[in-house]
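Notes for the one structure printed next.
The values are calculated or read from the model by the stated rules, or taken from the named source; none is laboratory data. Since the structure is predicted, the reported quantities are computational estimates derived from the model, not experimental observations. We place every Cβ from the backbone using ideal geometry, glycine too, and count neighbours over all the protein chains shown.
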Amino acid sequence: MIFRKAVEMEIIKRDPTEFAVIKKAKKTIEELEMPEVPRYLEKDELALFLETAVNKGLEMDFLAFLTLSYTGMRVGELVSLKWNDINFKENTIRIIKTYYNPSNNTVKYHLVPPKTKGSVRKIIIEDIVINALKKHKEMQDNVKMEIGDSYYDKDFIFAKTSQYPGYPILIKTVEMRMKRLLKIAGLNQEFTPHSLRHTHTSLLAEARVGLE
């Protein structure tokens, strides 16, 4: 892309990478023999997973995984959500940012633009998600009142309630929580929060919803 731009700006006369070929690495026999990890949960697996989140989940587990499953958003987009991203009247969530924290230090997070221009979007959500969000907001408001000025009130939905209360939860926390629930449910522990994004797409395709 850089060389093409340089040609366009007449900095150079021709693109030296024009005929370059990047060879694809061949898989070994051992890699080919390894069973493929499923990219998404089947409908019954998702139902079991969410049921486990309700009955055995830790704080915010059900809401987090319900939202991921029903919206197809990325986990970084999830933990960066603020209440002003939710439109309770229109049943929508807007995605305008994502979470960046390579050090996994709760207080040293950054909010950055989404992965691509196309990642900025508005998602219509079902009543089950809206109702779960409303219930969570009531609980969070009570926590704010109890903690008072010590609460880091930046409007985050998925905010910690102890040890740095108010700060957004770590992506790593969501990943660990999911692995815990998968183990309890007896499901494949290779699934990740990103698998729920694929699951959402799979269910939309099954329901014959346009994916454009």
Next on the checklist: What's the number of the only condition in (1) at positive phi; (2) modelled with pLDDT of 95 or more; (3) polar (S, T, N, Q) that GLN163 fails to meet?
Outcome noted: (2)
Checklist entry - Hey, among the residues in the range 147-198 that are small (Gly, Ala, Ser) and farther than 24 Å from ASN84 by Cβ, which one's surrounded by the fewest Cβ atoms within 10 Å (Cβ to Cβ)? => result SER162
Item to check | Where LYS117 falls short, out of the listed (1) out of contact with any Lys or Arg (no Cβ under 9 Å at 6 or more places or on another chain); (2) crowded, with 20+ Cβ neighbours inside 10 Å | outcome: (2)
Checklist entry - Can you tell me how many residues in the range 66-77 are of a type outside the set (Lys, Arg) and either free of Cβ contacts under 8 Å to residues at least 60 places away in the same chain or more than 13 Å from VAL129 (Cα to Cα) (or both)? => result 4
Checklist entry - How do the pairs read when you match residues in the range 32-58 that are modelled with pLDDT under 90 with residues anywhere that are of a type in the set (Ser, Thr, Tyr), using Cβ under 8 Å and keeping only pairs 6 or more apart or on different chains? => result PRO38/SER195; ARG39/SER195; TYR40/SER195; TYR40/THR199; TYR40/THR201; TYR40/SER202; LEU41/SER195; LEU41/THR199
Item to check | Cβ-Cβ under 8 Å pairs, at least 6 apart or on other chains, the range 140-169 side in contact (Cβ under 8 Å) with a residue 40 or more places away in the chain and assigned by TED's automatic domain parsing to the domain that holds ARG74, far side acidic (Asp, Glu) and assigned to a loop (DSSP other than H, G, I, E, B) | outcome: THR161/GLU59
Checklist entry - Which condition number does ASN104 fail, the rest of (1) in contact (Cβ under 8 Å) with a residue 60 or more places away in the chain; (2) exposed (fewer than 13 other Cβ atoms within 10 Å of the Cβ); (3) closer than 25 Å to LEU50 by Cβ being met? => result (3)
Checklist outcome for this item: Selection from the range 58-87 of residues buried (at least 21 other Cβ atoms within 10 Å of the Cβ) and not in a helix (DSSP H, G or I) yields MET60, MET73, ARG74, SER80, LEU81
Checklist outcome for this item: Picked from the range 182-207 (must be in a loop (DSSP other than H, G, I, E, B) and modelled with pLDDT of 75 or more), the residue nearest to GLY76 (Cα to Cα) is THR192
